[in-house]
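Colleague: I'd like to ask you about the structure that follows.
The values are calculated or read from the model by the stated rules, or taken from the named source; none is laboratory data. It should be emphasised that the depicted structure is a prediction, and the values quoted were computed from it without experimental measurement. A quick note on method: Cβ atoms are made from the backbone with ideal geometry, for glycine too, and the neighbour counts reach across all protein chains shown.
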């Protein structure tokens, strides 16, 4: 089964930007899933088992913190790599992200090329 990435952000423009940024990964066989809502994200995570999740904090239904905590608290999902991608840039937001188990914290606005490199590295994909 090909590796999967899940993009979780309530801003459609951010999801579109990330989908476009990851087009090259999609041509390498990576499945890219998306949702804009926390509860739906949890359902997708349970059903699809993505290897990597790009997760906003402020989401309708369930916060990114809650989603991350559920992922890291589930023995079958705990190795899932979670990148928090958020506009919440306070030190307390960063600290809380790592407390709930996030593997990485990236602040919006973000460097798209850096994010592509990080995702490729985490998934072990060579990009040109």
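Colleague: Mind checking which residues of the stretch 5-33 are closer than 19 Å to residue 109 by Cβ and either assigned to a helix (DSSP H, G or I) or without any contact (Cβ under 8 Å) to a residue 40 or more places away in the chain (or both)? Break it down into steps so the answer makes sense when it comes.
Modeller: Initially, the stretch 5-33 is screened for residues closer than 19 Å to residue 109 by Cβ, giving 7-22.
Matches in the stretch 5-33: 12, 13, 14, 15, 16, 17, 18, 19, 20, 21.
Colleague: Going by the structure shown, is residue 89 more than 21 Å from residue 32 (Cα to Cα), assigned to a loop (DSSP other than H, G, I, E, B) and in contact with a strand residue (DSSP E or B) (Cβ under 7 Å, 6 or more places away or on another chain)? Please lay out each step first, then the result.
Modeller: Numbers: more than 21 Å from residue 32 (Cα to Cα): yes; assigned to a loop (DSSP other than H, G, I, E, B): yes; in contact with a strand residue (DSSP E or B) (Cβ under 7 Å, 6 or more places away or on another chain): yes.
Yes, satisfied.
Colleague: A further question on this structure: Going by the structure shown, is residue 101 outside any helix (DSSP H, G or I), at pLDDT 95 or above and surrounded by fewer than 18 Cβ atoms within 10 Å (Cβ to Cβ)?
Modeller: Details: outside any helix (DSSP H, G or I): yes; at pLDDT 95 or above: yes; surrounded by fewer than 18 Cβ atoms within 10 Å (Cβ to Cβ): yes.
Criteria met by residue 101.
Colleague: Still on this model: Could you tell me whether the stretch 65-75 includes any residue that is modelled with pLDDT of 95 or more, part of a loop (DSSP other than H, G, I, E, B) and over 20 Å from residue 13 (Cβ atoms)?
Modeller: We begin by selecting, within the stretch 65-75, every residue modelled with pLDDT of 95 or more; these are 65-75.
Remaining after also requiring part of a loop (DSSP other than H, G, I, E, B): 74-75.
Cutting the leftovers down to over 20 Å from residue 13 (Cβ atoms) gives us 74-75.
Yes, the stretch 65-75 has at least one match.
Colleague: Do the conditions hold for residue 125, that is, is it in contact with a helix residue (DSSP H, G or I) (Cβ under 9 Å, 6 or more places away or on another chain), assigned to a helix (DSSP H, G or I) and within 23 Å of residue 26 (Cβ to Cβ)?
Modeller: Working: in contact with a helix residue (DSSP H, G or I) (Cβ under 9 Å, 6 or more places away or on another chain): yes; assigned to a helix (DSSP H, G or I): no; within 23 Å of residue 26 (Cβ to Cβ): yes.
Against the criterion (in contact with a helix residue (DSSP H, G or I) (Cβ under 9 Å, 6 or more places away or on another chain), assigned to a helix (DSSP H, G or I) and within 23 Å of residue 26 (Cβ to Cβ)), residue 125 does not qualify.
Colleague: I need a count of the residues in the stretch 76-86 that are outside any strand (DSSP E or B) and either in contact with a strand residue (DSSP E or B) (Cβ under 6 Å, 6 or more places away or on another chain) or buried (at least 18 other Cβ atoms within 10 Å of the Cβ) (or both). First the steps, then the outcome.
Modeller: Here is the first cut: in the stretch 76-86, the residues outside any strand (DSSP E or B) are 76-80.
Filter again for either in contact with a strand residue (DSSP E or B) (Cβ under 6 Å, 6 or more places away or on another chain) or buried (at least 18 other Cβ atoms within 10 Å of the Cβ) (or both), leaving 80.
Within the stretch 76-86, residues that are outside any strand (DSSP E or B) and either in contact with a strand residue (DSSP E or B) (Cβ under 6 Å, 6 or more places away or on another chain) or buried (at least 18 other Cβ atoms within 10 Å of the Cβ) (or both) number 1.
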